[in-house]
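Before any comments, here is the structure.
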Amino acid sequence: MKRTLIFTGIGIGFAFVILFAFNKIASKRNSPNEFAVVKRGEFEISLSATGELEAESSVDIQGPDFAMRRFVRARSIKITDLVPEGSIVKKGDYIASLDRTELDNSYKDQLDQLKTLRTNLNMKKLDTAVVQTSMRDDIRNQEYTVSEA
């Protein structure tokens, strides 16, 4: 029993010595140089970082509002062309163009629906004219019948 404790103590002590030596060797390799040799010359300052830049003054561009999109029945409006970021634009200048395919399709559908409604209206007018003509004839016939009676 005493022998086992001695060997265990020696093993644990040896493991600590190895870990301590390994830690010292590893820390010397990865440590940055704390001293630098000073030389005369041009001193350049450069900075590199990731992130997003924001302009000092910018304006958010709003597309058609929800009510207008619902009125035109356009679910999604895609941007096909956009002025490059950072360009300086004035009021009224070209900024972007929107994809017209969905709006054109909606416009064509509305035109087809209008054409159908106009055709139906003309048919109703013609039907009404025919019905009125036959009713006039019936009235004349009734007048004739009443005058004979």
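Give me the residue from segment 84-107 that is out of contact with any strand residue (DSSP E or B) (no Cβ under 6 Å at 6 or more places or on another chain) and of a type in the set (Asp, Glu) and, out of that set, modelled with the highest pLDDT. So, considering only residues that are out of contact with any strand residue (DSSP E or B) (no Cβ under 6 Å at 6 or more places or on another chain) and of a type in the set (Asp, Glu), the one modelled with the highest pLDDT is 93.
The residues in segment 116-137 that are of a type in the set (D, E, K, R) and open to solvent by less than 90 Å² (accessible area, probe 1.4 Å) can be counted, and the count is 2.
Taking the criterion of being part of a helix (DSSP H, G or I) and either of a type in the set (Val, Ile, Thr) or within 30 Å of residue 60 (Cβ to Cβ) (or both), would at least one residue in segment 73-80 satisfy it? No, because not a single residue in segment 73-80 is part of a helix (DSSP H, G or I) and either of a type in the set (Val, Ile, Thr) or within 30 Å of residue 60 (Cβ to Cβ) (or both).
Can you find even one residue in segment 64-82 that is at pLDDT 85 or above, of a type outside the set (Ser, Thr, Tyr) and over 30 Å from residue 113 (Cα atoms)? Yes, some residue in segment 64-82 is at pLDDT 85 or above, of a type outside the set (Ser, Thr, Tyr) and over 30 Å from residue 113 (Cα atoms). Checking each residue in segment 41-63 for being at pLDDT below 80 and of a type in the set (Ser, Thr, Tyr) picks out 57, 58. Pairing residues of segment 95-115 that are exposed (fewer than 12 other Cβ atoms within 10 Å of the Cβ) with residues that are not hydroxyl-bearing (Ser, Thr, Tyr), at Cβ distances under 6 Å and at least 6 apart in sequence or on separate chains, gives 96/79; 96/82; 97/81.
The values are calculated or read from the model by the stated rules, or taken from the named source; none is laboratory data. Values in this document were obtained by computation on a predicted structure and should not be read as measured data. No Cβ is skipped: glycine too gets one built from the backbone with ideal geometry, and neighbour counts run over all protein chains shown. Heavy atoms of the whole protein, side chains included, go into the accessibility calculation; ligands, DNA and RNA do not. Shrake-Rupley method; radii C 1.70, N 1.55, O 1.52, S 1.80 Å.
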